[in-house]
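Report on the following structure.
The values are calculated or read from the model by the stated rules, or taken from the named source; none is laboratory data. The structure presented is a predicted model; accordingly, all values stated were derived computationally and were not measured. A quick note on method: Cβ atoms are made from the backbone with ideal geometry, for glycine too, and the neighbour counts reach across all protein chains shown. To get the accessible areas, we keep the full protein, side chains included, count just its heavy atoms, and leave off ligands, DNA and RNA. Shrake-Rupley method; radii C 1.70, N 1.55, O 1.52, S 1.80 Å.
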Amino acid sequence: MPKVTWVLGDGREISANVAVGHNLMEAAVANNVPDVIGECGGCLSCATCHVYVDPAWAAKTGKPAEMENDMLEITTAERRELSRLSCQILATEELDGLILHVPHN
Amino acid sequence: MTMTAPIILVGAGQASASCAAKLRALGYDGALTIIGDEPAAPYQRPPLSKKYVSGELARERLFIRPLSWYAEQRIELRLGTRVVKLDAAGHRVTLADGTNLSFSRLLLATGSTPRRLPAEIGGNLANVFTIRNLADADTIAPALIPGANLLVIGGGYIGLEAAAVAAQKGLDVTVIEMADRILQRVAAAPTADFFRTLHQSHGVTIREATGLAELVGKDGRLSSARLKDGTILPADLAIVGIGILPNDDLAQAAGIAVESGILVDGKCRTSVPDIFAAGDCANFTWRGQRTRLESVQNAIDQGEHAAACLLGEAPDYDPVPWFWSDQYEVKLQIAGLNRGYDSTVLRPGKRPLSQSIWYFRGDTLIAIDAMNDALAYALGKKMLESGKPVAKAAIADPASDLKALAS
């Protein structure tokens, strides 16, 4: 199972092994990562699972698809180049070691 | 004052789960108990009529939090049991097994129950379903057999979602709607037109202005439906989606004011001290009118709001409501409440099956239905939140830049 690390606004880190195929919003909620909320359950109707992908991982996580790109218009924290909705990133073996930075949502 | 008795949350749905998490986040360190009549820990209901009943989403992925979270947060879950009596003055509840529990403050987050068809017209026949609980979806899922005849009674969002799932599984689906058109209560005609066409393109028969006379059974099991116009439709199963009723009996029996739900003020307070309500069951004043919101957004936001209220001061609850529905390849996203609209503006989208309907009262934007158009939803929601005036003509012009209009 790939290991994912969330870096919080205060510098604290939370790491967890995530089952392949699960999305990283549900993984964050299951591991009590604050500020990843996931109000809509991962169906692209809120933007409360907003994260910044660590630059080292940007190539592997890829870019947001069209609907996700649109929903990134209403993030609470500022949108940046590496903004993603974490419900749209699925855990894969390739993402083992992934680092996500969590803004205050 | 020290308070040793726990805060009790009655109901183990989204509102209680959100309230409990927020209570802890706000620093409430005392005893906290959630009581629910279903055996399951709090779970997400929206997927039940969508990806869960279709088999795409595994059961364990419905749960809002893992069980370990409740233990870590010292939240006691008392599941599979019902509060049968609320003694408001005595600050005590009685469970079905006779256990009495004291509370310092209590939240009623008892949710709602689907309306059923009366037994006299076949509402109690086997294979006549409603969708509300995990148990309902678990009962319906195995009955979704390709080739079977499904009758959906009620052309609202729940019924249409069920119709979409069943049509995709190869059932023969008919939706009957008593009103002149589907989505009559919740959406404008252009939105209804869009979904009617969508369903028809997937082979679903939509019969509007069509009343049900009775469901007919054979050996206690549904076999056909007789419509008011005399038509007989064969039916192997029926899904009834004709609205929900707030669960306010417990409150009423406790002497708490109810009227289409448990009456609360902007601070989630009922008519009785130390007793609060949130979620589907709560009736609050929003923009000057009594309102119940049957949605996840409200369960989460009002549940969290109630947490602040349970602990002391909070501003009045003032949400921007939002909803969604998934049907086939279409995602519908709704922001605001269209209650009292007097005109709509259609804005074509940039993709296939993409458009948005903007609801106005006078010149004021009050809601948006966005079909496969997340940008319209997102920016429309932004406009509703900021209250910035927006011109109808600008919305109707597909070349206008929504981003500029919203900022």
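Looking for something within 14 Å of chain A (Cβ to nearest Cβ) and surrounded by fewer than 23 Cβ atoms within 10 Å (Cβ to Cβ) - is there at least one such residue anywhere in region B:309-317?
First, the residues of region B:309-317 that are within 14 Å of chain A (Cβ to nearest Cβ): none.
Checked region B:309-317: no residue is within 14 Å of chain A (Cβ to nearest Cβ) and surrounded by fewer than 23 Cβ atoms within 10 Å (Cβ to Cβ).
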When residues of region A:58-93 are limited to those that are in contact (Cβ under 8 Å) with a residue 40 or more places away in the chain and part of a helix (DSSP H, G or I), the one farthest from the other protein chains (Cβ to nearest Cβ): A:Glu93
Condition check for B:Lys382: under 18 Å from B:Trp322 (Cβ atoms), open to solvent by 10 Å² or more (accessible area, probe 1.4 Å) and either within 13 Å of another protein chain (Cβ to nearest Cβ) or in contact with a His (Cβ under 6 Å, 6 or more places away or on another chain) (or both): yes
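For (1) more than 29 Å from A:Gly42 (Cα to Cα); (2) at pLDDT below 95, each residue gets a yes or a no:
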site	(1), (2)
B:Ala251	yes, no
B:Ile262	yes, no
B:Cys268	no, no
B:Asp274	yes, no
B:Asp280	no, no
B:Asn283	no, no
B:Leu293	no, no
B:Gln297	no, yes
Any chance B:Ile275 is among the β-branched types (Val, Ile, Thr), under 26 Å from B:Tyr28 (Cα atoms) and within 14 Å of chain A (Cβ to nearest Cβ): no
Of all residues making up region A:1-57, the number that are buried (at least 23 other Cβ atoms within 10 Å of the Cβ), part of a loop (DSSP other than H, G, I, E, B) and β-branched (Val, Ile, Thr): 3
Boolean, B:Ala31 is within 12 Å of chain A (Cβ to nearest Cβ), on the phi < 0 side of the Ramachandran plot and more than 19 Å from the chain's Cα centre (by Cα): no
Some residue of region B:45-62 being among the β-branched types (Val, Ile, Thr), surrounded by 14 or more Cβ atoms within 10 Å (Cβ to Cβ) and more than 11 Å from chain A (Cβ to nearest Cβ): yes
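Results for (1) within 13 Å of the chain's Cα centre (by Cα); (2) in contact (Cβ under 8 Å) with a residue 60 or more places away in the chain; (3) away from chain B (no Cβ under 13 Å), shown as yes or no for each residue.
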| position | (1), (2), (3) |
| --- | --- |
| A:Val20 | no, yes, yes |
| A:Val33 | yes, yes, no |
| A:Val36 | yes, yes, no |
| A:Cys40 | no, no, no |
| A:Cys49 | yes, no, yes |
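Any idea which of B:Ala141, B:Ala126 is open to solvent by 40 Å² or more (accessible area, probe 1.4 Å) and more than 19 Å from the chain's Cα centre (by Cα)? Lay out the reasoning, then the answer.
On the way: B:Ala141 fails: open to solvent by 40 Å² or more (accessible area, probe 1.4 Å).
Going through B:Ala141, B:Ala126 in turn, just one is open to solvent by 40 Å² or more (accessible area, probe 1.4 Å) and more than 19 Å from the chain's Cα centre (by Cα): B:Ala126.
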Residues that are in contact with a helix residue (DSSP H, G or I) (Cβ under 9 Å, 6 or more places away or on another chain), open to solvent by less than 70 Å² (accessible area, probe 1.4 Å) and within 13 Å of A:Cys49 (Cα to Cα), drawn from region A:74-97: A:Ile74, A:Ser83, A:Arg84, A:Leu85, A:Ser86, A:Cys87, A:Gln88, A:Ile89
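Answer yes if at least one residue in region B:334-356 is under 20 Å from B:Leu198 (Cβ atoms), within 19 Å of the chain's Cα centre (by Cα) and assigned to a strand (DSSP E or B), and no otherwise.
Step one: filter region B:334-356 for residues under 20 Å from B:Leu198 (Cβ atoms), giving B:334, B:338, B:344, B:346-356.
With the extra rule that they be within 19 Å of the chain's Cα centre (by Cα), the set shrinks to B:334, B:338.
Narrowing the set further to residues that are assigned to a strand (DSSP E or B) leaves B:334.
Among the residues of region B:334-356, at least one is under 20 Å from B:Leu198 (Cβ atoms), within 19 Å of the chain's Cα centre (by Cα) and assigned to a strand (DSSP E or B), which makes the answer yes.
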Whichever residue in region B:348-378 is without any contact (Cβ under 8 Å) to a residue 60 or more places away in the chain and open to solvent by 40 Å² or more (accessible area, probe 1.4 Å) and, among such residues, is nearest to the other protein chains (Cβ to nearest Cβ): B:Leu375
